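A short write-up of the structure that comes next.
The values are calculated or read from the model by the stated rules, or taken from the named source; none is laboratory data. All figures in this text were calculated on a predicted structure; none of them were measured in a lab. Every residue, glycine as well, gets a Cβ built from its backbone with ideal geometry; the counts of neighbours run over all protein chains shown. Calculation scope for accessible area: heavy atoms of the full protein, side chains included, ligands and nucleic acids excluded. Shrake-Rupley method; radii C 1.70, N 1.55, O 1.52, S 1.80 Å.
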Amino acid sequence: MVRMIMHGCNGKMGQVISEICRADEEIEIVAGVDPYTGKENPYPVFPNIEECKVEADVVVDFAAAPAVDKLLDYCVARQVPVVLCTTGLSEAQLARVEEAGRQVAVLKSANMSLGINMLLDLLQKAAKVLAPAGFDMEIVEKHHNQKVDAPSGTALALADAMNAALGQEYAYQYDRTQERKKREKYEIGIQAVRGGNIVGEHEVIFAGTDEVIEIKHTAYSKAIFGKGAVEAAKFLAGKPAGKYSMADVIAGK
């Protein structure tokens, strides 16, 4: 049984993960950390990570960026692996993540969904075959009307994965309305749609002569990110110091 600390336990994702862990016989939340302690949980909750003295095998973080610094200090000092799901980290914090990864096991991913991370692997294989054969590559991503960044971090991760698989560096084209010209050969178009309460949809199009291949991932709830984080926690528990990714989780299955 993996013993887990939920950092940010009373937030939306923290509560989603708590429910997932209740139904999973392989993992147990032994403590939570959250400045808001007004919710009932079946485990003790501490207002900050420094007050938590509960023994654990791994920490899952879905809190706020300002709390990450003390969390990393805690995990390094106590040698507890950490799954970092919080976004919006500064350059200085990202540097601290790199440093922490040299002293303890750290897993950080732009998207915790198992499906998206499997898609990254599929896209690399597809790009290696289709791009040299003259297929154009386009990404269309859709999210709810409250999302402020465009394109999404996941869309950029998909494009980065395809670029990494190719020797040729493809430029990213975000908005074709800004410049009237035909599509360049070595580019990846990325278009963003914002509307309603769409959780997340990413479609990658490989368009060739007389044939089109479309690969699509649709998220229907945020629970998929919680499930991925729990699987990452089970994978990371007991691992030696180092930087890990969701690709490692998938490879370990």
Looking only at segment 186-236, count how many residues are over 15 Å from the mean Cα position of the chain (by Cα), assigned to a loop (DSSP other than H, G, I, E, B) and free of Cβ contacts under 8 Å to residues at least 60 places away in the same chain.
-> 7
Which one is most open to solvent (accessible area, probe 1.4 Å) among residues in segment 120-164 that are part of a strand (DSSP E or B), closer than 26 Å to LYS227 by Cβ and among the aliphatic types (A, V, I, L, M)?
-> VAL140
Within segment 80-97, restricting attention to residues that are touching a residue at least 12 places away in the same chain (Cβ under 8 Å) and out of contact with any strand residue (DSSP E or B) (no Cβ under 7 Å at 6 or more places or on another chain), which residue is nearest to LYS222 (Cα to Cα)?
-> THR87
Considering segment 20-44, residues that are in contact (Cβ under 8 Å) with a residue 60 or more places away in the chain and assigned to a helix (DSSP H, G or I), and then whichever is most open to solvent (accessible area, probe 1.4 Å), we arrive at ILE20
Would it be correct to say that ASP69 is free of Cβ contacts under 8 Å to residues at least 12 places away in the same chain, surrounded by fewer than 19 Cβ atoms within 10 Å (Cβ to Cβ), more than 18 Å from the chain's Cα centre (by Cα) and part of a helix (DSSP H, G or I)?
-> no
Among the residues of segment 92-102, is there at least one that is outside any helix (DSSP H, G or I), open to solvent by 10 Å² or more (accessible area, probe 1.4 Å) and not hydroxyl-bearing (Ser, Thr, Tyr)?
-> yes
Residues (more than 26 Å from MET1 (Cβ to Cβ) and at pLDDT 95 or above) located in segment 69-91 = ASP69, LYS70, ASP73
What is the number of the single condition among (1) touching a helix residue (DSSP H, G or I) at 6+ places or on another chain (Cβ under 9 Å); (2) surrounded by fewer than 16 Cβ atoms within 10 Å (Cβ to Cβ) that VAL212 does not meet?
-> (1)
So GLY14, is it in a loop (DSSP other than H, G, I, E, B), touching a residue at least 12 places away in the same chain (Cβ under 8 Å) and not aliphatic (A, V, I, L, M) | no
Residue among ASN117, ASN111 that alone is touching a residue at least 24 places away in the same chain (Cβ under 8 Å), within 30 Å of GLY167 (Cβ to Cβ), assigned to a loop (DSSP other than H, G, I, E, B) and under 17 Å from the mean Cα position of the chain (by Cα) | ASN111
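Condition first: under 17 Å from VAL16 (Cβ atoms) and in contact with a helix residue (DSSP H, G or I) (Cβ under 9 Å, 6 or more places away or on another chain). Now tell me which residues in segment 60-83 satisfy that.
The answer is VAL60, ASP61, PHE62, ALA63, VAL83.
Please enumerate the residues belonging to segment 226-236 that are crowded, with 21+ Cβ neighbours inside 10 Å and more than 14 Å from MET118 (Cβ to Cβ). Steps first, answer last, please.
First, the residues of segment 226-236 that are crowded, with 21+ Cβ neighbours inside 10 Å: 226, 228-233, 235-236.
Within segment 226-236, GLY226, ALA229, VAL230, ALA233, PHE235, LEU236 qualify.
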Scan (1) open to solvent by 50 Å² or more (accessible area, probe 1.4 Å); (2) more than 22 Å from ASP73 (Cα to Cα) for the single condition GLU51 breaks and write down its number.
-> (2)
Which one of the conditions (1) touching a residue at least 40 places away in the same chain (Cβ under 8 Å); (2) of a type in the set (S, T, N, Q); (3) part of a loop (DSSP other than H, G, I, E, B) does GLN168 fail to meet, given that it meets all the rest?
-> (1)
